[in-house]
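Read-outs: derived from the displayed coordinates by stated rules, not from any lab. None of the values given here were measured: they were computed from a predicted structure. Quick reminder, even Gly has a Cβ in these numbers, built from the backbone with ideal geometry, and neighbours come from all protein chains shown.
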Amino acid sequence: MCGIIGYIGHRPAVPIVLEGLEHLEYRGYDSAGLGYVFNQDLKIIRSSGKLNNLKEKVINEGSSLTVMTAIGHTRWATHGAPEERNAHPHMSNDKRLALVHNGIIENYLELKKDLLSLGYSFKSDTDTEVLVNLISECCHSEPDLLHALAKALRMAKGAFAICLMDREAPNVLYAARNQAPLIFGQGVGENFIASDVPAFLNYTRDVVFLEDGQILVAQSGDHKILRLNDLQSVSCETQRIQWSMQAAQKGGYRHFMLKEIFEQPNVITDGLTGRLENNDQINLPELERILIPKRLHIVACGTSYHAGLWGEHLLEHWAHIPVQTEIASEFRYKEELLLDPNEDVVLVISQSGETADTLAALRRAKEAKVKTIGLCNVVGSSIAREADCVLYTQAGPEISVASTKAMTSQMLMLTCMALYYARRNKSMSLGLRQSTLGQLRSLAQFLSQELPQMHTMAKALSRKYAQAKSFFYLGRGYCFPLALEGALKLKELSYIHAEGYAAGEMKHGPIALIDPTFPTFVLAPAESEMYAKIKSNMVEIQARQGQVIALTNPGTDLAADDRWEIPFLPGPLMAFLILPCLQLFSYEVSDYLGKDVDQPRNLAKSVTVE
Ligand code: F6R
């Protein structure tokens with residue numbers, strides 16, 4: 001949800017900011033801009049559309065080569081259309097201050113009204129232009145810009161991560177955060193501020209994850225971090241980033257998404273490292289500090305929610321823990337949570353660890369004094385820091401906006417949790433636990449062998465079905481969440497309307513839509529107790545001339561328009577083979593239709609607004 005970057009140091013700042021924006025583009029890509037001080041004037045260059053448009057403008061401008069401080073922004077529109085005038089940075093009326101902002105200032109209309117009455121004027125529809133003018137206004141009553149910034153931020157309600165520069169002091173950058181990620185990268189004789197680590201990882205690995213309510217004042221060789229409410233200094237721990245920039249490159253693949261799909265075997269291997277203690281135990285020391293839940297509430301959004309729904313099956317079936325999986329934006333506003341701190345535990349799942357609704361749900365659970373577990377990919381993210389305990393999925397950076405390997409890594413950790421609690425609850429036979437652990441051990445290699453054939457089949461089917469206007473995805477039991485995920489992937493990547501259904505629900509209404517132009521993707525693994533049922537649902541569709549792709553195992557008796565056979569794995573672990581097929585199919589349809597695979601329209605990677 002917008003990426004911001006600031007650089008102050010000894011190198012030409014504009015190329016560094018543009019390079020940083022490239023790494024942040026996944027966070028928003030409908031417009032971009034940058035700002036710097038040149039010849040004692042604030043210079044702002046902005047452009048609608050992708051970053052390349054901005055780059056062209058910067059090259060034509062040619063004035064920036066010598067500046068050593070700059071700020072930049074890549075936008076996912078919240079207030080105002082994705083036009084140049086709404087792109088960041090925004091300048092104060094007196095042309096002294098330039099601001100980049102990620103988040104939403106909820107009371108901006110109120111603040112704007114006050115500023116209008118004081119004579120301020122606005123060129124954009126954004127909350128950011130209001131904020132920069134509010135800071136400017138506060139300069140009249142405060143001793144310096146730092147105090148003015150703090151005062152303005154205390155007046156602003158909502159979420160923000162900002163970076164501010166001052167025409168009168170171009171050797172200082174100011175940054176602050178509240179409910180939106182902001183990371184300080186500490187170099188030698190240079191400093192960075194960004195929404196995410198890859199923006200500056202080529203230059204420094206030493207980072208401070210700023211906390212809500214902190215202000216950073218950075219110069220090239222110096223910095224201080226202060227509390228927003230009283231401007232007292234705080235000391236913050238510097239952490240060293242262990243993963244490399246190479247992990248955030250395409251590595252020869254056509255798109256990040258394809259690379260990330262093919263990384264899934266490694267993700268499984270990495271996720272299991274240190275977890276498989278011996279042949280019948282899973283090692284999850286993170287959970288030892290927390291009571292064994294009598295009831296578990298899984299809360300997440302989007303793909304992470306689908307992973308949660310899938311995990312619900314395993315936790316209930318293997319560990320005998322009743323699970324309720326809820327959408328974070330609903331959970332956070334429930335009138336009554338009805339949670340008992342002695343019995344309930346809340347598990348929030350988030351790849352980014354910054355999703356606004358999931359973070360708010362976590363905070364709501366904490367207010368209810370319930371223990372919380374965060375299942376996150378991004379180390380040091382807000383959810384990872386605020387949950388009572390955190391399990392990291394260790395999937396490495398996921399750059400493609402559509403989530404793929406993160407879901408696999410979440411499912412893997414949910415499998416580990418179910419096996420861990422199953423042992424502690426003595427709810428699963430030793431034999432089943434051992435055979436499941438055996439399957440887990442060979443899963444990565446198995447998947448890695450299968451991925452090339454899956455890709456070939458996905459490509460062939462994509463050519464046949466890419467012209468469809470709508471799609472159903474059907475599954476039962478643990479395949480139902482996968483059907484939801486298959487449909488989500490197809491719609492977000494190819495803009496083809498797709499819905500996932502529990503197959504048994506079809507005859508309660510949706511089947512009315514079936515005709516020869518409306519294909520259905522049926523998930524029908526051989527062993528599932530539900531096989532006979534899903535077969536009947538499929539026949540019902542075929543009786544209405546609906547075309548069917550059946551994802552199944554060799555030896556089943558499904559007569560579909562297209563049988564997609566994948567090897568058999570017993571039980572819900574079959575999902576680790578089904579999911580990549582769904583991902584690859586959507587990937588291929590999207591690429592075939594010429595869509596922007598890694599950055600689909602209207603989306604952003606990390607949804608830090610409500
Ligand atoms: C879909 C997708 C989104 C995210 C959702 C939650 O491909 O990526 O649905 O899963 O926005 O994001 P996280 O997991 O970061 O909380």
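Observations on the model:
- Compactness of the range 569-610, expressed as Rg and Dmax over alpha-carbon positions, Å: 14.4, 40
- Percent RCO, i.e. relative contact order, over the chain, from Cα pairs under 8 Å lying at least 6 residues apart: 12
- For the chain, a Kirkwood hydrodynamic radius built from all Cα pairs, placed in the Stokes-Einstein relation at 37 °C and 0.692 mPa s, yields a translational diffusion coefficient of 129 µm²/s.
- The ratio of the alpha-carbon radius of gyration of the range 256-592 to the globular-protein estimate 2.2 N^0.38 Å is 0.96.
- log10 of Debye I(q)/I(0), alpha-carbon scatterers only, for the range 21-73 at 0.17, 0.22, 0.23, 0.25 Å⁻¹: -0.50, -0.80, -0.86, -0.98
- For the range 61-106, averaging the sequence separation of C-alpha pairs within contact (under 8 Å, six or more residues apart) and dividing by the residue count gives a relative contact order of 30 percent.
- Rounded if a/c under 1.5, otherwise prolate or oblate - the range 499-606, Cα gyration tensor axes: oblate
- Taking the fewest neighbouring Cβ atoms within 10 Å as the starting point, the ordered list for C479, C139 is C139, C479.
- The tail of the calculated P(r) for the range 231-389, taken as Cα-Cα distances beyond 22 Å, holds 51 percent of the pairs.
- Normalising the average separation of contacting C-alpha pairs (under 8 angstrom, six or more residues apart) by the number of residues puts the relative contact order of the range 3-246 at 20 percent.
- Rounded, prolate or oblate (a/c below 1.5 giving rounded, otherwise prolate when a/b exceeds b/c) for the range 451-541 by Cα gyration tensor: oblate
- Gap separating the Cα centres of the range 379-445 and the range 58-120, nearest whole Å: 42
- Modelled FRET efficiency - R0 51 Å, L231 with D125, Cβ distances, 0.05 increments: 0.95
- Segment L430-N39, extension gain: residue separation times 0.36 nm, minus the distance between their alpha carbons: 133.3 nm
- Ranking of I327, I104 by count of other Cβ atoms within 10 Å, fewest first: I327, I104
- Per-residue ellipticity at 222 nm, computed for the chain from helices alone with -39500 (n - 2.57) per DSSP H run of at least four residues, works out to -11000 deg cm²/dmol.
- Ranked by how many other Cβ atoms sit within 10 Å of their own Cβ, fewest first, the residues S233, S427, S352 fall in the order S233, S427, S352.
- Q445/E505 FRET efficiency (R0 45 Å; Cβ-Cβ; nearest 0.05): 0.75
- Prolate/oblate/rounded label for the range 3-246 (Cα gyration tensor, a/c 1.5): rounded
- Here the spin labels are modelled as points 7 Å beyond Cα on the Cα-Cβ line, and at T66 and Q281 they lie 6.7 nm apart.
- About its Cα centre, the dipole of the chain is roughly 540 debye, where the only charges are +1 on Lys and Arg Cβ and -1 on Asp and Glu Cβ.
- In order through the range 370-386: 3J(HN,Hα) via Karplus (6.51 cos²θ - 1.76 cosθ + 1.60), integer Hz, x for Gly, Pro: 8, 5, 10, 10, x, 10, 10, 9, 7, 5, x, 5, 4, 5, 4, 7, 8
- Under the combined filter of DSSP loop state and at most 15 neighbouring Cβ atoms within 10 Å, the range 534-587 retains these trypsin sites (Lys or Arg not before Pro): R544.
- Highest average first, the peptides 337-343, 127-133 ordered by how many other beta carbon atoms sit within 10 Å of their residues are 127-133, 337-343.
- With a Förster radius of 30 Å applied to the beta-carbon distance between S141 and K366, the computed FRET efficiency rounds to 0.25.
- Neighbour cut-off at most 10 other Cβ (10 Å), DSSP loop, GluC sites (Glu not before Pro), the range 492-542: E529
- Separation of the range 258-325 and the range 165-190, taken as the distance between their Cα centroids, equals 37 angstrom.
- Highest-first arrangement of 579-589, 18-28, where packing means the average Cβ count within 10 Å: 579-589, 18-28
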